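Worksheet: one structure, shown below.
The values are calculated or read from the model by the stated rules, or taken from the named source; none is laboratory data. In this text, all values refer to a predicted model and were calculated from it rather than measured experimentally. In this analysis, Cβ positions are derived from the backbone assuming ideal geometry, glycine residues included, and neighbour counts consider all displayed protein chains.
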Amino acid sequence: MPINNILANEVFTVRIYKRLEGQEWANSYEVQATDNSSDPTISIGNLRNWLVGLERSIHLTDVFFDRITISTYQPDSQPYDPTRFTSFPIFEQGQRARSGDALSLAICLFVRREPGFGRAGKLLYRGALQEADVSGYRSGLLTASVNSLQNAINTAWSARPQFWRLVMASGTPTPQDVREVLNLRVSALTVVKKLDNRYFDRAP
């Protein structure tokens, strides 16, 4: 279904694009509508504000948020259909204050997506960590940093719109396996990903 006619249980893909030091990357999410929408514009706007707010709360102030795209699960380019895709400029920065040098963009914050059953998923965030957050050879997060980041996520999570749920979806061209994400959990482990890693692929 097109994005201007949202029906219950329909799955959408959301990407949030960011920039820092000449690098550009995106994080992706799958979300599912919990009901038919009587006003898709408001529903999409609430989703946009929630996910951008969540991400800004855990990214350092150096990170520039460029735009967010929301599209139907089936790519809009096969064939192209403008009603299956929408994009909004953000032009905001992260909200996490820096007290020292930032870590390399290759060192990512690792957040688990915890479903009600099955394996947990992962979210990896560049531009969220600074030297004061870590210790040791493997750059493990300090307990205080885990707690601070988890508190920021919990605050954002509690404000999620009732019309939407975060899910993990797989299958092509339509989602065959959809599991609701019940919690986002910050890991004390960091993950190293090269700057050109496909996980952060910017292609819509």
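Of the residues making up segment 148-156, none is at pLDDT below 95, surrounded by fewer than 16 Cβ atoms within 10 Å (Cβ to Cβ) and on the phi < 0 side of the Ramachandran plot. Residue selection: ALA144 fails the criterion of being among the aliphatic types (A, V, I, L, M) and either in contact (Cβ under 8 Å) with a residue 12 or more places away in the chain or closer than 30 Å to ILE42 by Cα (or both). Residues in segment 157-192 that are aliphatic (A, V, I, L, M), surrounded by fewer than 17 Cβ atoms within 10 Å (Cβ to Cβ) and closer than 17 Å to ARG56 by Cα: ALA159 alone. Given the criteria surrounded by fewer than 19 Cβ atoms within 10 Å (Cβ to Cβ), polar (S, T, N, Q), free of Cβ contacts under 8 Å to residues at least 60 places away in the same chain and in a loop (DSSP other than H, G, I, E, B), does SER87 qualify? When the stated conditions are applied, SER87 does not pass them. Filtered by the rule that a residue be of a type outside the set (Gly, Ala, Ser) and either exposed (fewer than 15 other Cβ atoms within 10 Å of the Cβ) or in a loop (DSSP other than H, G, I, E, B) (or both), segment 93-111 gives GLN95, ARG98, ASP101, LEU103, LEU105. Restrict the check to segment 39-60 and report whether at least one residue is modelled with pLDDT of 95 or more, of a type in the set (D, E, K, R), surrounded by 15 or more Cβ atoms within 10 Å (Cβ to Cβ) and more than 30 Å from ASP101 (Cβ to Cβ). There is at least one residue in segment 39-60 that is modelled with pLDDT of 95 or more, of a type in the set (D, E, K, R), surrounded by 15 or more Cβ atoms within 10 Å (Cβ to Cβ) and more than 30 Å from ASP101 (Cβ to Cβ).
Selection of segment 1-57 for residues being in a loop (DSSP other than H, G, I, E, B), free of Cβ contacts under 8 Å to residues at least 40 places away in the same chain and of a type in the set (D, E, K, R) yields only ASP39. For PRO161, the conditions (1) free of Cβ contacts under 8 Å to residues at least 40 places away in the same chain; (2) out of contact with any strand residue (DSSP E or B) (no Cβ under 9 Å at 6 or more places or on another chain) all hold with the exception of (1). State yes or no: is GLU114 among the acidic types (Asp, Glu) and touching a helix residue (DSSP H, G or I) at 6+ places or on another chain (Cβ under 8 Å)? Considered against the rule, which asks whether it is among the acidic types (Asp, Glu) and touching a helix residue (DSSP H, G or I) at 6+ places or on another chain (Cβ under 8 Å), GLU114 comes out as no.
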